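*Asks:* One structure is given below, represented as structure tokens, and several questions about it will come after.
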């Protein structure tokens, strides 16, 4: 599985968030509430959408653990943000980026490989002090389409 290590610059993001677990997954509800509001964001950068997760260090140990998931877009600044949306400052940092092509049904196997094989075999380890996120390109994503594409960003730091 190919991936590259990149340094992500800080980003200003706006969107909606929900608390959920892998067992009680509310991703569809989150995006359904967010997508009608995207057209109201006037100072948006590009057409990409960002799916961002804030996990605890033990998130892979128990699928019932709660985490926060965001549906977001990048903006130039936080001026004129619709009242229904929240702001989020992504601090940036070092990330392993994995290109993914497939549907949501196949994604768990892909993520399992990232966490159980790719990261452990590299010179890096997870850094859950920063969020995980996926960049979803405009016009290339349908969650059930096996040809959908996205880039998966996993926060990492050098092993000691």
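The values are calculated or read from the model by the stated rules, or taken from the named source; none is laboratory data. This is a predicted model, so every value here is computed, not measured. Methodologically, a virtual Cβ is constructed for each residue, glycine included, from the backbone with ideal geometry; neighbour enumeration extends over all protein chains shown.
*Asks:* Just give me the residues in region 107-117 being loosely packed, with under 13 Cβ neighbours inside 10 Å and touching a residue at least 12 places away in the same chain (Cβ under 8 Å), in sequence order.
*Replies:* The first filter runs over region 107-117 and keeps only residues loosely packed, with under 13 Cβ neighbours inside 10 Å, leaving 108-109, 112, 116-117.
Answer for region 107-117, where residues must be loosely packed, with under 13 Cβ neighbours inside 10 Å and touching a residue at least 12 places away in the same chain (Cβ under 8 Å): just 117.
*Asks:* Do the conditions hold for residue 98, that is, is it crowded, with 18+ Cβ neighbours inside 10 Å, within 17 Å of residue 154 (Cα to Cα) and at pLDDT below 95?
*Replies:* Numbers: crowded, with 18+ Cβ neighbours inside 10 Å: yes; within 17 Å of residue 154 (Cα to Cα): yes; at pLDDT below 95: no.
In short, no.
*Asks:* I would also like to ask the following. Does residue 72 fit the bill of being buried (at least 16 other Cβ atoms within 10 Å of the Cβ), closer than 14 Å to residue 154 by Cβ and within 14 Å of the chain's Cα centre (by Cα)? Give the derivation first.
*Replies:* On the way: buried (at least 16 other Cβ atoms within 10 Å of the Cβ): yes; closer than 14 Å to residue 154 by Cβ: no; within 14 Å of the chain's Cα centre (by Cα): yes.
The answer is no for residue 72.
*Asks:* Further, regarding this structure: Among (1) touching a residue at least 60 places away in the same chain (Cβ under 8 Å); (2) surrounded by 13 or more Cβ atoms within 10 Å (Cβ to Cβ), which single condition is residue 145 missing?
*Replies:* The failed condition is (1).
*Asks:* Can you find even one residue in region 34-42 that is touching a helix residue (DSSP H, G or I) at 6+ places or on another chain (Cβ under 7 Å), exposed (fewer than 15 other Cβ atoms within 10 Å of the Cβ) and over 17 Å from residue 150 (Cβ atoms)? Spell out how you get there, then give the answer.
*Replies:* Residues of region 34-42 that are touching a helix residue (DSSP H, G or I) at 6+ places or on another chain (Cβ under 7 Å), as a first pass: none.
Checked against the condition, which is being touching a helix residue (DSSP H, G or I) at 6+ places or on another chain (Cβ under 7 Å), exposed (fewer than 15 other Cβ atoms within 10 Å of the Cβ) and over 17 Å from residue 150 (Cβ atoms), region 34-42 yields no hits at all.
*Asks:* What number goes with the only condition from (1) surrounded by fewer than 13 Cβ atoms within 10 Å (Cβ to Cβ); (2) closer than 24 Å to residue 42 by Cβ; (3) modelled with pLDDT of 95 or more that residue 121 does not pass?
*Replies:* (2)
*Asks:* Testing residue 30 on (1) touching a residue at least 24 places away in the same chain (Cβ under 8 Å); (2) under 15 Å from the mean Cα position of the chain (by Cα); (3) not in a helix (DSSP H, G or I), one condition comes back false. Which one is that?
*Replies:* It fails just one condition, (3).
*Asks:* Within region 124-136, track down each residue that is loosely packed, with under 15 Cβ neighbours inside 10 Å and within 16 Å of the chain's Cα centre (by Cα).
*Replies:* Filtering region 124-136 down to residues loosely packed, with under 15 Cβ neighbours inside 10 Å leaves 125, 129.
Correct list: 129 only.
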